[in-house]
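**Q** Submitted below is the structure of interest, expressed as structure tokens.
The values are calculated or read from the model by the stated rules, or taken from the named source; none is laboratory data. No experiment lies behind these values; they were computed from the predicted model shown. Cβ placement follows ideal geometry from the backbone for every residue including glycine, while neighbour counts extend to all protein chains displayed. Please note that ligands, DNA and RNA were not included when accessible areas were found on the heavy atoms of the full protein model with its side chains. Shrake-Rupley method; radii C 1.70, N 1.55, O 1.52, S 1.80 Å.
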Amino acid sequence: MSEVSAAQSEQKAGKHEDNEALSTPSMQALSGEASRLDLHGLLPAGPSSSTDVSPSPSEASGLLSLPWEIIANITSHLPAQCVLNVLPKVCHALANVANDSTAWQLRARKIIGSRSFPVGPKEDFDWPAACIDIEQLISDWTIDVHRVDRQLPYHEEEKGPDMPQQQAEQGVEPAAERQRDGSENELEAVGAAAQEIAYDGDEMQPMLARALEAQLRELEVRRRSDAAEEERNHRMVPVARQGLDAVVDAQDGFVDPRNEPNGRDAALLQQQPSRSRSPPPALEYMSLSTSHIAQINSVLLLGGEGRVCATASRDWNVKLWDLEAGTRGMELNTLAGKCGFSAHRGWVWCLDSQGPLLASGGFDNTVRLWDLQAGGEERGVMKSNAAVLCLSFQTDVLLAGSFDKRVTMYDHRAGNSLIKSLDLHGSPVMSLAADDKYIISGGKGHTVAVYDRRADKTLNKIRLKSYLMSMSYSGNEVWGGDSRGMLHSFSMQSGTLELVSNFDVGHTDLITGIHKSSGSLYTSSSDSTVKIHIPCAPPKTLCTLHHEAGVHRLSVQAGVLAIASGSGNVEVWRSRR
């Protein structure tokens, strides 16, 4: 009996080992398929390969057996980046979703609603890129950025949709409605006078320019002193937030002196149950500790990834900054020309770049080129007949708009030689945008001109009620910000520029900077605000940043936003990496 039992046991063990050996691969295959979201139920009809496991048409089942409209609706709930970059690697049918223009248009309509998008021509519009931009913009800028990062100064407080009403109920005046003091108004008046450059005919009066600059510096020092004293005497923190800050401080083991609770409040705080910390914000904020001694007129992100930025100041200097070095960045270099002590011999007003070359234009009637790969070495000086107010750096030509009403073309590849000077306006040229076919320029006489580079002629001009201070040219759309705080959208097709619409997005003074991509729109203004919008009609404003002084310029690159303000600061927002 024992021998029989032993034989049966060995037979059962052998069967078990055989079953295990046979079942293990199949089980692993099944578990592998399950880990891939049941791909047999998603796979489409089509030819198979070593890298594509698509089944035959008869095997298509599951989700892929549903009508195409339902599949498109399901994929619309996935991030646009996933639809564009991941689904095509799964199977051919889902790759078709990523290639279907109608599906992308439906996705954009779902986000934007009934507003018109795009504002300009729809032919050849990049719908996938637009959807990716919009979703990233919403992810970054619809959170309460400034409540989470406690390092931000008080004037950076972000207003939610209902914040103005809450502030009115609490007796707190909204930042956008605050009246600037006399010293700041006086400062802006001097800046405006200097911007006009005090010309006698076509020549600048050096003595008057220096006098205006000395007066500006004196006023700026006085304004900063007054601002520091005001900040010491009046903590501009909304009453409703003091209790919130006290709770956060108590949880963090730190009590801000201005929010230190009394005995009763302290007892209440001790009774508060501990809460988990908030997730980190999508955006990271930094303020550069610049060494400029005057206002910064322009800021420009370089390198394609927003890791380095250049700043141009009224102290005649251009500086380079490493934004990856710590929480406040690091100064890399102060560019100096052959004169040895500064980049220009006057205010540096504008910047633009192309590849490793950086161009700066100033009130010393020059455009200077700097080689960033050679440590910022000066590569050439191009002379103008007047102060340079705007630049557009293309691969084959460098364009400069100046106070003498002209757009000048330089060949930076051939010893910075002058190509030609275009007389497109009867007033100073305030803004420029260009590509390899057209030059679009805005004059202070309220005109916008289009010049055909290949045909060497002016195609058309549009007259507005105010002049464009800033301009952004993207695809077949041109967006401009004017001296009254209005946005203008233009359609650009076959060399014809047509005004599509005008928008009031809430700016109350001239729009000093604008950046437009397929799905994002950034604007800055001398009314001390920066606004982030979805570029539909009318623009949908996601966020408004308030500052203590007018914003002179902005730059956007790879999702990084940098601004230069009249307070002498450069502030940067970027997605956390």
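**Q** If you plug each phi of segment 398-412 into the Karplus form 6.51 cos²θ - 1.76 cosθ + 1.60 with θ = phi - 60°, what whole-Hz ³J(HN,Hα) values come out, in order, with x for Gly and Pro?
**A** 10, 9, 10, x, 10, 5, 7, 6, 10, 10, 10, 10, 10, 9, 6
**Q** Between segment 460-481 and segment 348-403, what's the alpha-carbon centroid distance in Å?
**A** If we compute the Cα centre of each part, the gap is 22 Å.
**Q** Okay, moving on. Could you rank the peptides 107-120, 398-411 by their average count of other C-beta atoms within 10 Å per residue, with the highest value first?
**A** The peptides rank, most packed first, as 398-411, 107-120.
**Q** If you don't mind, another one. Provide the packing ranking of 313-323, 489-499, 285-295, i.e. peptides ordered by the mean count of other C-beta atoms within 10 Å per residue, highest first.
**A** 313-323, 285-295, 489-499
**Q** Ranked highest first by the average count of other Cβ atoms within 10 Å around their residues, in what order do 305-312, 124-131 fall?
**A** Packing proxy ranking, top to bottom: 305-312, 124-131.
**Q** What's the carbon and sulfur percent of segment 476-577's accessible surface, probe 1.4 angstrom, rounded to a whole number? Present the calculation step by step, with values, prior to reporting the outcome.
**A** Working: 1110 of 2680 Å².
Ligands and nucleic acids excluded, carbon and sulfur give 41 percent.
**Q** Through the Karplus equation 6.51 cos²θ - 1.76 cosθ + 1.60, θ set to phi - 60°, convert the phi angles of segment 74-85 into ³J(HN,Hα) values in whole Hz; use x for Gly and Pro.
**A** 5, 5, 5, 8, 8, x, 4, 4, 5, 4, 7, 10
**Q** Whose amide H sits under 5 Å from the amide H of Gly495, counting only residues 5 or more places off or on another chain, with H placed in the peptide plane?
**A** Here nothing satisfies the definition.
**Q** Rounded, prolate or oblate for segment 281-388? Axes are the square roots of the Cα gyration tensor eigenvalues, ordered a ≥ b ≥ c, and the cut-off for rounded is a/c under 1.5. Spell out each step's value before the answer.
**A** Details: a/c = 1.96, a/b = 1.64, b/c = 1.20.
Verdict is prolate for segment 281-388.
**Q** List the pairs from Lys461/Lys540; Lys319/Lys531; Lys405/Lys461 whose alpha-carbon separation is above 18 Å, in the order I gave them.
**A** Lys461/Lys540; Lys319/Lys531
**Q** Note down the net charge around Gly362, summing +1 for each Lys or Arg and -1 for each Asp or Glu among other residues with Cβ under 12 Å from its Cβ. Kindly include the intermediate steps, with their values, before the conclusion.
**A** On the way: positive: Arg314, Arg345, Arg368, Lys383; negative: Asp315, Asp364.
Computed value for this residue: +2.
**Q** Continuing with this model, one more query. Net charge near Ile439: determine it from the other residues with C-beta under 10 Å of the C-beta of Ile439, scoring Lys and Arg +1 and Asp and Glu -1. Let's see the in-between values first.
**A** Numbers: positive: Lys437, Arg453; negative: Asp435, Asp452.
Local charge sum for Ile439: 0.
**Q** Ok, one more. Pull up all non-local amide H partners of Asn333: gap of 5 or more, or a different chain, and H-to-H distance under 5 Å with H placed in the peptide plane.
**A** Here the answer is Leu320, since their amide H atoms fall under 5 Å of that of Asn333.
**Q** Let me ask you something else. Enumerate the calculated ³J(HN,Hα) couplings along segment 361-375 in order (Karplus 6.51 cos²θ - 1.76 cosθ + 1.60, θ = phi - 60°), each rounded to whole Hz, writing x wherever the residue is Gly or Pro.
**A** Working through the residues one at a time gives x, x, 7, 8, 6, 9, 10, 10, 9, 10, 8, 6, 6, 9, x Hz.
**Q** Enumerate the amide H contacts of Arg379 below 5 Å, restricted to partners 5 or more residues apart or on another chain; note that Pro and chain-start residues carry no placed amide H.
**A** Residues meeting the amide H criterion: Leu369, Trp370, Asp371.
**Q** Shifting gears a bit: Net charge around His425, counting only other residues with Cβ within less than 12 Å of its Cβ (Lys, Arg = +1; Asp, Glu = -1)? Could you put the intermediate results ahead of the total?
**A** Numbers: positive: Lys405, Arg406, Lys444, Lys461, Arg463; negative: Asp404, Asp423.
Result for the local shell: +3.
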